[in-house]
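For reference, the structure is listed below as structure tokens.
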Amino acid sequence: MDQVLVTGGTGFIGSHTVVELQNAGYEVIIVDNLSNSSIDSISRIERITGIKPHFENLDCLDYVGLDHVFAKYEDIKAIIHFAASKAVGESVQKPILYYRNNVNGLMNIIDLMPLYGIKHLVFSSSCTVYGQPDTLPVTESSPIKPATSPYGNTKQICEEIIRDVVHSGSCDMRSIVLRYFNPIGAHPSGEIGELPVGVPNNLVPYITQTAIGMREELRIFGDDYDTPDGTCIRDYIDVVDLAKAHVVAVKRMLEEKQEEPIEYFNIGTGKGISVLELVHAFEKATGVKVARRVVGRREGDIVKVWADATKANNVLGWHAETPLDETMKNAWKWEQKVHGETEKKKGKE
Ligand code: UD1
């Protein structure tokens, strides 16, 4: 069985991807330092798939530790590199942390790959590399704009590092770079989902935590933007659909079907949704009201961005499939489960 090493595999997108990889017949090795995720992900993944993934509690900054993992598993054919810090605001406060984690982590992986004959790397990138695009929807050849945060800059730098290494010919490395739009939702089983530590930065966890009563109200960051209802527009992609894109990418690499040694794909629905539309979609799908108030704009927010995902549709044969109301129901199911478990734990203490 081909082995796939997944860094950050206990996290939000990582855990969903591990499930889909196992469902597709790959043997998965997770490397994660649990800095922003829980060890419970492992048993939850096992409950969904019936298979326990290998797990190595390790930081990608630990070169020697990574070297041991690469040596221990002898059939690693591809690596999916998720492990990274991802809070835009925090990256402005702690840039060194972001450059160290995101850039050095990737460099350790790339440095070790040729030593173990591993050729294939799927990299977790972001639509943030496009900044505020001049024309919408954004295609893979849209210009890369100067980053507006250290987080965004790390994604650009990592893409450049991969490009330079692949083109250097110094090792036989191939890569598929997936540029995600806004991943949301949870697994339909209710077993895995997004588990923000502390107050959530992202919209959907904030909506679900408000709906369940953990937060007083959702603050809508600005309704005076140049959009139909004045709130920002994003392309919200279901996390299971996104996870499946990684499986398709791995398969494409292992079957040597890549047309270029490095390929870039936008992973989104192709549809722009405003903040208010998303709140309405949640309320409609779940029947639960979300208390909300419009406040000032959030610094650094892009006004509108959505994907042209035609390349992923045509070349990868991948499509966003999950309807938004289902995504919202799944996010809600997950929130209820997590909340219920937290309350139960508190009761026992
Ligand atoms: C950003 C990055 C994305 C990155 C992600 C990681 C861009 C375009 N996107 O997503 O690449 O992977 O962070 O965290 O740079 N909002 C509210 N109230 C809230 C929370 C959010 O109104 O409490 C609004 C925001 O203003 C924004 C939208 O909801 O308009 C989505 O915000 P969020 O979920 O934080 O994602 P992005 O900022 O788009």
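Let's see how each residue does on (1) in the same structural domain as residue 124 (by TED's automatic domain parsing); (2) more than 20 Å from the chain's Cα centre (by Cα):
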{"position": "248", "(1), (2)": "yes, no"}
{"position": "263", "(1), (2)": "yes, no"}
{"position": "297", "(1), (2)": "no, yes"}
{"position": "307", "(1), (2)": "no, no"}
{"position": "320", "(1), (2)": "no, no"}
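One residue stands out in the range 142-160 among those that are modelled with pLDDT of 95 or more, open to solvent by 50 Å² or more (accessible area, probe 1.4 Å) and more than 17 Å from residue 101 (Cα to Cα): the one that is nearest to the ligand (Cβ to nearest atom), namely 144.
I'm checking my understanding of the structure. Among residues of the range 163-176 that are among the hydrophobic types (A, V, I, L, M, F, W, C) and surrounded by fewer than 23 Cβ atoms within 10 Å (Cβ to Cβ), which one is farthest from the ligand (Cβ to nearest atom)? Per the criteria, the residue is 171. Where strands (runs of 3 or more DSSP E) fall entirely within the range 231-305, those with at least 2 residues that are crowded, with 18+ Cβ neighbours inside 10 Å are at 236-238, 262-267.
Tell me whether the range 188-203 contains one or more residues that are crowded, with 22+ Cβ neighbours inside 10 Å, more than 12 Å from the ligand (Cβ to nearest atom), assigned to a loop (DSSP other than H, G, I, E, B) and modelled with pLDDT of 95 or more. Quick ask: steps written out before the conclusion?
In the first step, residues of the range 188-203 are kept if they are crowded, with 22+ Cβ neighbours inside 10 Å; the result is 192-194.
Next cut, more than 12 Å from the ligand (Cβ to nearest atom) only: 192-193.
From what's left, assigned to a loop (DSSP other than H, G, I, E, B): 192-193.
Next cut, modelled with pLDDT of 95 or more only: 192-193.
Within the range 188-203, one or more residues are crowded, with 22+ Cβ neighbours inside 10 Å, more than 12 Å from the ligand (Cβ to nearest atom), assigned to a loop (DSSP other than H, G, I, E, B) and modelled with pLDDT of 95 or more.
At least 2 residues being basic (Lys, Arg) is the threshold, and among the helices (runs of 4 or more DSSP H) wholly inside the range 45-100 not one reaches it.
The values are calculated or read from the model by the stated rules, or taken from the named source; none is laboratory data. Keep in mind that what you see is a predicted model, and the values were worked out from it rather than measured. Neighbour counts are summed over all protein chains in view; Cβ atoms, including those assigned to glycine, are modelled from backbone coordinates with ideal geometry. Heavy atoms of the whole protein, side chains included, go into the accessibility calculation; ligands, DNA and RNA do not. Shrake-Rupley method; radii C 1.70, N 1.55, O 1.52, S 1.80 Å.
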